[in-house]
1. Filter the range 174-211 down to the residues that are of a type in the set (A, V, I, L, M) and either within 16 Å of the ligand (Cβ to nearest atom) or touching a residue at least 40 places away in the same chain (Cβ under 8 Å) (or both) and list them by number.
2. Just the residues that are more than 16 Å from Val136 (Cα to Cα) and aliphatic (A, V, I, L, M), please, taken from the range 195-233.
3. Determine if the range 123-134 includes at least one residue that is surrounded by fewer than 20 Cβ atoms within 10 Å (Cβ to Cβ), within 16 Å of the ligand (Cβ to nearest atom) and not in a loop (DSSP other than H, G, I, E, B).
4. Run Ile270 past the list (1) aliphatic (A, V, I, L, M); (2) within 12 Å of the ligand (Cβ to nearest atom); (3) surrounded by fewer than 24 Cβ atoms within 10 Å (Cβ to Cβ); (4) more than 19 Å from Ser177 (Cα to Cα) and report the number of the one that doesn't hold.
5. Any chance you could count how many residues in the range 240-264 are near the ligand (Cβ under 10 Å from one of its atoms) and either closer than 14 Å to Gly185 by Cβ or among the polar types (S, T, N, Q) (or both)?
Amino acid sequence: MNETQYKKQAGLYPMYVQVKPNSDADVYWRKKLTDAIDTTALAPGIKPSVSHNLVDHGGNKVPDMQFKNIYVNGLSSWIDSDRANIDTAISAAMTDSKLDSVVAQYFPAQKSQCTKLDSILVSDTAKRSRFGRADVKTLLGSIIEAGELKGIDLTKTIFNFLLPQGAVLFIDDTDTSDSTHGLGGYHGSLRQDDGTTSYYSVAVYSQTTANGENGIPAFDQPWKNVVATCYHELNEFRTDPDVESAIADNNNSLLGWTSSFGEEIGDFPIFEATALSQVFKELTLPTKLVVPVQLLYSNRDNGPELPN
Ligand SMILES: [Zn+2]
């Protein structure tokens, strides 16, 4: 077998020499190794980054998941067309077979699927202009208490809170990186006194206004930014649902898939991109619907995969 054939069948080239750093031999061999990596499905402009591949820490995962969008009316109200656009796009993105195959590689033994439950509107009577983790959990707790989520299998469901226009998201009082400084959303879980755990995510209505940026305005319309954040968070729930418990209990064996640096499936693609447009993409699905998503980390590509 010659060298070209070896590269084609293996997808890597083994280095069997010792070379001095930065010498011509080093440059020659670096190129040989890099050229052998298959980058055909990697997002254009992004380099492979094997060291950020996701590792299974052994914790819970949710290959068969469902989600429920909870639109928060408070400081301002949601317009119907935004809600319709978000519901349609996130549902289509989460059930598209090509997009799903990126996530399905992390559940080799199980069937991955996603069901959208009916969305609801809730009133934030406190009309908060800032939401922290505690506020999101208070809202979720009150919806559960009101019986609105009765009958839903909490083990496989994420309640996805969508903040109204203008609302600022933060984590807790100790953090200074709120959504006016680049925070787009997060996910976690609520443990209740009766021992049940429910899962939530929260997304900023990301946009640029005269007051500056809120969230991650990557697309030309805020609803598209919301969908991209939801896509990121829903898939992180799927692959690493118990991250908040892992942190609270100081127990990393509760983690699902993260890189060895701690990044979840949606995280490194954004860190790595030199422009948001490299990983925030509007994709045309086989149904011709165009969906705005944020590309996810794919171990088989050693980076964010752009499904084709
Ligand atoms: Zn993330």
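1. Initially, the range 174-211 is screened for residues of a type in the set (A, V, I, L, M), giving 183, 190, 202-204, 210.
Passing the criteria: Leu183, Leu190, Val202, Ala203, Val204.
2. Across the range 195-233, the qualifying residues are Ala210, Ile216, Ala218, Val226, Val227, Ala228.
3. Going through the range 123-134, the residues surrounded by fewer than 20 Cβ atoms within 10 Å (Cβ to Cβ) turn out to be 123-130, 132-134.
Among the residues that remain, those that are also within 16 Å of the ligand (Cβ to nearest atom) are: 133.
Those still in the list that are not in a loop (DSSP other than H, G, I, E, B) too: 133.
Yes - at least one qualifying residue is present in the range 123-134.
4. (4)
5. The number of residues fulfilling the criteria is 3.
Readers should treat all values here as calculations from the given coordinates under stated rules, not as data from a laboratory. Values in this document were obtained by computation on a predicted structure and should not be read as measured data. All Cβ positions, glycine included, derive from the backbone under ideal geometry; neighbour counts span all protein chains shown.
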